[in-house]
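Below is one structure; the comments refer to it alone.
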There are 2 protein chains.
Amino acid sequence: MIRTHQTAPTQFVEANGIRFAYRRFGRPDSVPLVFNQHFTGTMDHWDPAVTDGLATEREVILFNNAGVSSSSGEVPTSFEQMAANAVSFVKALRLPKVDVLGFSIGGFVAQEIALQAPDLVRRLVLVGTGPRSGEGMATLTPEAQEIFGATYDQPDHLWLRVHFTRSEKSQAAGREFLKRFRLRAENRDPEVNEKVAPAQIEAIGKWGAPREKPFEYLKSFRQPTVVVNGGNDVIIDSVNSFILQQHLPNAQLILYPDASHGSQYQYPELFVRHVSMFLSVDERRGV
Amino acid sequence: MIRTHQTAPTQFVEANGIRFAYRRFGRPDSVPLVFNQHFTGTMDHWDPAVTDGLATEREVILFNNAGVSSSSGEVPTSFEQMAANAVSFVKALRLPKVDVLGFSIGGFVAQEIALQAPDLVRRLVLVGTGPRSGEGMATLTPEAQEIFGATYDQPDHLWLRVHFTRSEKSQAAGREFLKRFRLRAENRDPEVNEKVAPAQIEAIGKWGAPREKPFEYLKSFRQPTVVVNGGNDVIIDSVNSFILQQHLPNAQLILYPDASHGSQYQYPELFVRHVSMFLSVDERRGV
């Protein structure tokens with residue numbers, strides 16, 4: 001049976017004293033794409049339209065970082081430490097080279113992975129994210145505080161507010177997304193425990209804090225990168241995607257219309273086509 | 001014989017008292033894409049890799065606006081008037097609906113066309129351009145003044161400075177571009193006369209001048225739009241592409257790395273794929 005987002009079994013690998021839960025599927029004869037998840041998310045918070053879509057041309061690896069859901073250990077309080085854990089996970093799978101996708105705070109982890117292990121990372125996909133000390137990133141945005149602080153009749157409806165705009169079209173796309181991310185019916189991840197959010201929030205505070213010449217570190221990146229976001233992201237302001245593109249030496253930027261933090265879930269087919277094109281570029285030809 | 005960028009004959013149509021020169025090629029059973037050219041450019045300043053590339057899936061129409069090269073009349077001193085001329089040209093061809101591409105000041109014309117004739121325009125492609133009163137747009141940028149004011153051993157080398165960055169990779173792409181845009185050997189357009197540049201510069205001054213709530217007019221656009229530029233445009237600062245995306249109700253933004261004003265000539269195949277995808281979107285499905 002072909003493994004997909006729905007059917008791939010959760011496997012485990014031990015590294016750095018942590019038992020990492022992961023799932024892999026797609027074409028094995030390729031540079032794998034390793035997914036780094038958003039705030040309080042598990043492997044089940046990815047959209048199968050995105051993961052299976054990208055898996056038609058490459059291998060996709062989902063995992064829970066240390067302390068998250070089915071992985072053991074504690075969530076560290078810095079993205080540097082989360083990245084160190086992610087690097088040990090990738091090395092434990094004996095992968096010499098990977099592409100790295102990070103969404104939201106997963107994009108912070110992805111950047112730190114590229115800094116810590118530049119030779120391990122071929123290309124970067126940074127989605128709904130921003131640089132260290134980005135605009136409005138010193139704390140959660142007022143919208144994020146309101147959205148994550150509210151209660152919802154159905155807990156999944158939180159994501160309609162986080163990932164989508166208030167427009168009718170965006171909300172309709174959101175409801176389709178919620179159906180898709182519940183399609184995997186068996187062997188789902190447990191929800192994260194109560195220690196995850198506070199540790200991740202502490203890490204966010206350090207990452208977003210103002211500092212001198214905050215964007216200088218981006219100059220050292222050598223990986224071709226694509227930066228993707230909605231043009232109306234209220235969780236991490238879209239201007240931060242522009243800042244990433246402007247300071248990374250080799251980054252393409254794509255912003256989608258009438259879309260907030262989870263633009264890749266609003267336009268999953270378009271996102272898959274854009275990212276697949278980017279990851280398949282022949283570097284000599286540029287296409 | 002199949003008509004291409006190289007072989008399409010220059011034709012003429014009369015409208016608004018002007019004899020417009022134009023060329024058309026590609027698939028006739030489609031919404032045509034009408035190209036609006038940059039400062040002092042003629043039909044021969046387009047890149048066949050871009051025009052023929054886009055023509056594989058749609059009809060492409062190049063033309064010289066009033067007073068430019070092989071078209072009769074005078075260049076007006078405002079983009080509103082240039083757009084009025086462009087609209088009469090399109091109507092003279094009896095086209096009920098067109099897609100409109102504008103590059104640089106051609107992007108100003110394209111915006112004014114959409115404002116004046118919203119029902120005529122299906123979708124917009126805005127390349128290397130900006131909004132009214134954009135950042136650094138009140139006058140030519142210092143770089144633009146230096147680049148357009150300098151003399152070149154070979155006049156074509158002006159475009160290596162206008163369209164490409166100083167990096168080795170970008171300049172190499174620029175030299176390939178210059179070869180391509182000289183491929184049409186017969187029936188080329190005459191260079192523009194000495195009255196074109198001053199009139200266009202006067203129009204640029206009016207367009208770029210500061211005004212109250214400069215970006216409000218963008219809210220009225222209903223056309224799906226893709227905004228494309230290099231991330232390092234020294235002629236019209238790349239931030240203006242971000243501003244267009246942020247204020248247009250339905251715009252996608254794509255910025256390319258290590259690219260200046262003519263990013264579509266640095267990455268012609270990628271640009272053609274991105275724009276073809278955008279123009280082929282099924283609105284109901286979003287892909």
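The values are calculated or read from the model by the stated rules, or taken from the named source; none is laboratory data. Everything numeric in this text was worked out from a predicted model, so none of it was measured. Cβ: placed from backbone, ideal geometry, glycine included. Neighbour counts: every protein chain shown. These accessible areas exclude ligands, DNA and RNA; they are computed on the full protein's heavy atoms, side chains included. Shrake-Rupley method; radii C 1.70, N 1.55, O 1.52, S 1.80 Å.
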Taking the condition modelled with pLDDT of 95 or more and not small (Gly, Ala, Ser), does A:LEU140 pass? no
Enumerate the pairs (first residue in segment B:47-75 and under 20 Å from B:ARG180 (Cβ atoms); second residue anywhere and acidic (Asp, Glu) and assigned to a loop (DSSP other than H, G, I, E, B)) with beta-carbon separation below 6 Å, excluding pairs fewer than 6 apart on the same chain, so at least 6 apart or on different chains. B:SER69/B:ASP189
Subset of segment A:232-262 (residues that are within 10 Å of chain B (Cβ to nearest Cβ), under 22 Å from B:ASN250 (Cβ atoms) and either crowded, with 24+ Cβ neighbours inside 10 Å or without any contact (Cβ under 8 Å) to a residue 40 or more places away in the chain (or both)): A:SER238, A:SER241, A:PHE242, A:GLN245, A:GLN252, A:LEU253, A:ILE254, A:LEU255, A:TYR256, A:PRO257, A:ALA259
Residues that are in contact with a helix residue (DSSP H, G or I) (Cβ under 9 Å, 6 or more places away or on another chain) and facing chain B (nearest Cβ under 10 Å): does segment A:211-225 have at least one? yes
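Can you go through A:ALA150, A:ALA144, A:ALA66 and tell me which one is more than 18 Å from the chain's Cα centre (by Cα) and within 18 Å of A:GLY41 (Cα to Cα)? Step through it out loud before you land on a result.
Values: A:ALA144 fails: more than 18 Å from the chain's Cα centre (by Cα); A:ALA66 fails: more than 18 Å from the chain's Cα centre (by Cα).
Just one listed residue meets the conditions, A:ALA150.
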Hey, B:PHE164 hits all of (1) within 14 Å of chain A (Cβ to nearest Cβ); (2) open to solvent by 20 Å² or more (accessible area, probe 1.4 Å) but one; which does it fall short on? (2)
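Considering only residues that are part of a strand (DSSP E or B) and of a type in the set (Lys, Arg), look in segment B:7-45 and name the one that is surrounded by the fewest Cβ atoms within 10 Å (Cβ to Cβ).
Residues of segment B:7-45 part of a strand (DSSP E or B): B:11-15, B:18-26, B:33-36.
Now narrow it down to the ones that are of a type in the set (Lys, Arg): B:19, B:23-24.
Working: B:ARG19: 13, B:ARG23: 25, B:ARG24: 18.
Here the answer is B:ARG19.
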Using the structure shown, decide if A:ALA83 is touching an Asp or Glu at 6+ places or on another chain (Cβ under 8 Å) and free of Cβ contacts under 8 Å to residues at least 60 places away in the same chain. yes
For B:ARG58: the one exception among (1) under 19 Å from B:ILE113 (Cβ atoms); (2) out of contact with any Pro (no Cβ under 8 Å at 6 or more places or on another chain): (2)
Go through the residues of segment A:182-199 one by one and say whether even a single one is within 14 Å of chain B (Cβ to nearest Cβ), touching a residue at least 12 places away in the same chain (Cβ under 8 Å) and under 27 Å from A:PRO142 (Cβ atoms). no
Could you grab me the full set of residues in segment A:28-75 that are modelled with pLDDT under 95 and not acidic (Asp, Glu)? A:PRO28, A:SER30
Quick one: count up the residues across segment B:144-161 that are loosely packed, with under 12 Cβ neighbours inside 10 Å and assigned to a helix (DSSP H, G or I). 3
Residues A:GLU112, A:GLU135: which one is in contact with an Asp or Glu (Cβ under 8 Å, 6 or more places away or on another chain), among the charged types (D, E, K, R) and surrounded by fewer than 18 Cβ atoms within 10 Å (Cβ to Cβ)? A:GLU135
Can you name the number of the only condition in (1) surrounded by fewer than 24 Cβ atoms within 10 Å (Cβ to Cβ); (2) touching an Asp or Glu at 6+ places or on another chain (Cβ under 6 Å); (3) away from chain B (no Cβ under 12 Å); (4) touching a residue at least 40 places away in the same chain (Cβ under 8 Å) that A:LEU178 fails? (4)
When you scan segment A:268-287, do you find a residue that is in contact (Cβ under 8 Å) with a residue 12 or more places away in the chain, within 13 Å of another protein chain (Cβ to nearest Cβ) and part of a loop (DSSP other than H, G, I, E, B), even just one? yes
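For A:TYR265, are the conditions met, namely being buried (at least 24 other Cβ atoms within 10 Å of the Cβ), aromatic (Phe, Trp, Tyr), touching a residue at least 24 places away in the same chain (Cβ under 8 Å) and facing another protein chain (nearest Cβ under 8 Å)? Please lay out each step first, then the result.
On the way: buried (at least 24 other Cβ atoms within 10 Å of the Cβ): yes; aromatic (Phe, Trp, Tyr): yes; touching a residue at least 24 places away in the same chain (Cβ under 8 Å): yes; facing another protein chain (nearest Cβ under 8 Å): no.
Here the answer is no, as A:TYR265 does not meet what is asked.
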